[in-house]
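Everything on this sheet refers to the single structure shown next.
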Amino acid sequence: MNLHVDDIDSQIIKILNFNGRTPNTEIAKQLDLSETAIRKRIKKLLDDEVIQIVAVVNQEKMGYVFRGNICVKTDTKKTDKIKDELNKIDQIWYMAHLTGAFDFDIEFSAKSQEELRMLIDRINKIEGVIKTDVSIRLELLKNRNDWEK
């Protein structure tokens, strides 16, 4: 379903994307609209699941010094079971099912080398996992959370 998002909605999304805690009154002032109009538009955007307003954790401040990516090749007959097992692992915060050379793309966070080693070991022990390819993030160069219409 393709919902209509007009220019005002786009501007609201950009403001909230920069700071999800921006008060409706401030958004109304920036866009020269009433607070009621802004509140109704935000409610519709939320109800239609066009946007979510969430808190984003600064992982470094939480002690996660190892962050990166794991690509997982699996026995495709065991994909559902593997997906269920991967979903149980707390250090995994992003997971996508893929086509191509690997079947899953995983983003992880770990607080120590030992925790990272245990994570990799746990994934490799899941029945049906054939291969893992681990990459550690050295530097975050671009992280776009904004949205363009």
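Taking only pairs six or more apart or across chains, which ones have beta-carbon atoms under 7 Å, a first residue in region 1-20 that is within 14 Å of Ile38 (Cβ to Cβ), and a second residue that is modelled with pLDDT of 85 or more and of a type in the set (Lys, Arg)?
Ile8/Arg41; Asp9/Arg41; Ile12/Arg41
Kindly check whether there is at least one residue in region 15-37 that is assigned to a helix (DSSP H, G or I), within 23 Å of the chain's Cα centre (by Cα) and over 30 Å from Phe108 (Cβ atoms). Reasoning before the result, please.
If we filter region 15-37 for residues that are assigned to a helix (DSSP H, G or I), which is where we start, we get 15-18, 24-31, 35-37.
With the extra rule that they be within 23 Å of the chain's Cα centre (by Cα), the set shrinks to 15-18.
So of that shortlist, the ones also over 30 Å from Phe108 (Cβ atoms) come out as 15.
Within region 15-37 (the criterion being assigned to a helix (DSSP H, G or I), within 23 Å of the chain's Cα centre (by Cα) and over 30 Å from Phe108 (Cβ atoms)), the answer is yes, since at least one residue qualifies.
List the residue pairs whose Cβ atoms are under 7 Å apart, where the first residue sits in region 78-90 and is farther than 11 Å from Gly128 by Cα and free of Cβ contacts under 8 Å to residues at least 60 places away in the same chain, the second is basic (Lys, Arg) and open to solvent by 70 Å² or more (accessible area, probe 1.4 Å), and the two are 6 or more positions apart or on different chains.
Qualifying pairs under 7 Å: Ile89/Arg122.
Taking region 102-139, which residues are within 17 Å of Lys81 (Cα to Cα) and of a type in the set (Gly, Ala, Ser)?
The one that is within 17 Å of Lys81 (Cα to Cα) and of a type in the set (Gly, Ala, Ser): Gly128.
Give me a count of the residues in region 32-76 that are modelled with pLDDT of 95 or more and in contact with a Gly (Cβ under 9 Å, 6 or more places away or on another chain).
Of the residues in that region, 2 qualify.
The values are calculated or read from the model by the stated rules, or taken from the named source; none is laboratory data. Only a predicted model underlies this, so the values are computations on that prediction, with no experimental measurement involved. Methodologically, a virtual Cβ is constructed for each residue, glycine included, from the backbone with ideal geometry; neighbour enumeration extends over all protein chains shown. We work out accessible area using only protein heavy atoms, side chains counted, and drop any ligands, DNA or RNA first. Shrake-Rupley method; radii C 1.70, N 1.55, O 1.52, S 1.80 Å.
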